[in-house]
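Below are the structure tokens for one structure; questions will follow.
Readers should treat all values here as calculations from the given coordinates under stated rules, not as data from a laboratory. This structure is a prediction, so every number in the text was calculated from the model and none was measured. Here the Cβ positions follow ideal geometry from the backbone for every residue, glycine too, while neighbour counts run over all protein chains shown.
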Amino acid sequence: MPATPYVPIDCQYNDRLLDHATLRSRIKLAYQTANGSVEITTVIKDVYTQEGAEYLLTQAGEVIRLDQLLAVDEVTPPTDSHCAL
């Protein structure tokens with residue numbers, strides 16, 4: 001995706017990602033790419049902040065910027081609240 005300003009995601013949604021990472025639970029992720037949307041089933045290996053944006057790292061090595069997430073286990077992120085970095 002082109003370099004666009006990062007928009008922090010909802011704090012509770014972020015907490016849900018951290019829970020999945022801690023428990024190493026297998027989840028379904030849908031996210032936006034430059035070529036369209038992608039759905040994968042994976043385990044979140046890490047959730048981290050780098051250069052003012054938040055990312056997750058999957059077990060297969062994919063890096064996904066959190067504001068590109070469309071759904072986690074078919075739950076879409078709220079659009080009206082955000083977390084400060």
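Throw me the Rg/Rh for the chain, computed over C-alpha atoms with Kirkwood Rh, two decimals. Before the final figure, lay out each step's value.
Values: Rg = 11.8 Å, Rh = 12.9 Å.
In the chain, Rg relative to Rh is 0.92.
Which listed residue (V63, P78, Y6) has the Cα farthest towards the positive end of the charge dipole for the chain, taking +1 on Lys and Arg C-beta and -1 on Asp and Glu C-beta about the Cα centre?
It is V63.
Can you tell which of E74, E51, E39 shows the greatest fluctuation in a Gaussian network model of the chain with Cα springs below 10 Å?
Ranking E74, E51, E39 by mean-square fluctuation puts E51 first.
For the chain, modelled as a GNM with alpha-carbon contacts under 10 angstrom, which of V63, V47, V72 fluctuates the most?
V63
Which one of L18, L29, T41 has its Cα pushed farthest toward the positive end of the charge dipole of the stretch 1-46, where Lys and Arg give +1 and Asp and Glu give -1 at the Cβ?
T41
Now for a different question. Running a GNM on the chain with Cα contacts under 10 Å, which residue among I64, I40, I27 ends up with the highest mean-square fluctuation?
It is I40.
Summing Lys, Arg as +1 and Asp, Glu as -1, what charge do residues with Cβ under 11 Å from the Cβ of K45 carry, K45 excluded?
Working: positive: R24; negative: D46, E62.
With Lys, Arg at +1 and Asp, Glu at -1, the net is -1.
Calculated from DSSP H runs of 4 or more alone, at -39500 (n - 2.57) each and per residue, what is the 222 nm mean residue ellipticity of the chain, nearest 500?
Working: 1 runs with 13 residues, N = 85.
It lands at -5000 deg cm²/dmol.
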